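To start, the structure itself, in structure tokens.
The values are calculated or read from the model by the stated rules, or taken from the named source; none is laboratory data. Bear in mind the structure is a predicted one, so any value in this text is a computation, not a measurement. Every residue, glycine as well, gets a Cβ built from its backbone with ideal geometry; the counts of neighbours run over all protein chains shown. Surface accessibility is based on the protein's heavy atoms, side chains included, excluding ligands, DNA and RNA. Shrake-Rupley method; radii C 1.70, N 1.55, O 1.52, S 1.80 Å.
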Amino acid sequence: MYSWRMSTSERLIESTRELLWERGYVGTSPKAILERAGAGQGSMYHHFKGKPDLALAAIRRTAEEMRATAEGVLGGPGTPYERITAYLRRERDVLRGCPLGRLTMDPDVIASDELRAPVDETLDWLRARLAGIVAEGQEQGQFAPSLEGEEVAAAIVATVQGGYVLARASGRPSAFDAGVRGLLALLAPPAAPTA
């Protein structure tokens, strides 16, 4: 499954990321990690202190990847509204759900301050980044001055995460898309008056 050029510790981290997404913390056993990584028994303990340490490395990697993906779109070209639109409409496997968002539903991750921290920090970063784009749009006259940037940012994140839930529950990506279209309609800049 993985390139043998990839180090054992990298294969362990990538395997753990996938298993956390698919099965959650409790369902991610050391045996399943080793099997998925194609690693020998004891490899995990050679590179990591144990399952919690490996899970933390995997969650941090997932958080870093999510930030990089979001920044690639949010920091791209276009007006603030266009960049928010690009973020909301970027390609996602909505039926699989968000690898970071799903961790918020995992009681073992949420119960651990250490495991929860990268999740919370990433969602805080995303909300702050989006709030900054809303403020930029207000300065350019794209968004109403009465909008509260932090609240709009929270609504954007909630739409994405809630869209995953709706899509997974219905088994249809269209449920995610409907939420996105609704939010974009609410955020759409006013049309220029015609002469």
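Points to keep in mind about this one:
- Some residue of region 103-110 being over 23 Å from G179 (Cα atoms), in contact with a Ser or Thr (Cβ under 9 Å, 6 or more places away or on another chain) and open to solvent by less than 80 Å² (accessible area, probe 1.4 Å): yes
- Qualifying residues in region 14-62 (those that are in contact (Cβ under 8 Å) with a residue 60 or more places away in the chain and either acidic (D, E) or surrounded by fewer than 18 Cβ atoms within 10 Å (Cβ to Cβ) (or both)) - the one nearest to T104 (Cα to Cα): G24
- Assessment of region 126-135 against the conditions (open to solvent by 20 Å² or more (accessible area, probe 1.4 Å), assigned to a helix (DSSP H, G or I), among the basic types (K, R) and in contact (Cβ under 8 Å) with a residue 40 or more places away in the chain) yields at least one matching residue.
- Residue list for region 63-78, filter: hydrophobic (A, V, I, L, M, F, W, C) and either on the phi > 0 side of the Ramachandran plot or touching a residue at least 24 places away in the same chain (Cβ under 8 Å) (or both): A63, M66, A70, L74
- Set L123, L186, L166: member being assigned to a helix (DSSP H, G or I) and either open to solvent by less than 50 Å² (accessible area, probe 1.4 Å) or in contact with an Asp or Glu (Cβ under 6 Å, 6 or more places away or on another chain) (or both): L123
- Per-region count, region 68-95, residues of a type in the set (D, E, K, R) and open to solvent by 80 Å² or more (accessible area, probe 1.4 Å): 4
- Which numbered condition S146 fails, given (1) in contact with a Lys or Arg (Cβ under 9 Å, 6 or more places away or on another chain); (2) among the hydroxyl-bearing types (S, T, Y); (3) open to solvent by 60 Å² or more (accessible area, probe 1.4 Å): (1)
- D113 vs. criteria under 25 Å from L20 (Cα atoms), out of contact with any Ser or Thr (no Cβ under 9 Å at 6 or more places or on another chain) and free of Cβ contacts under 8 Å to residues at least 24 places away in the same chain: yes
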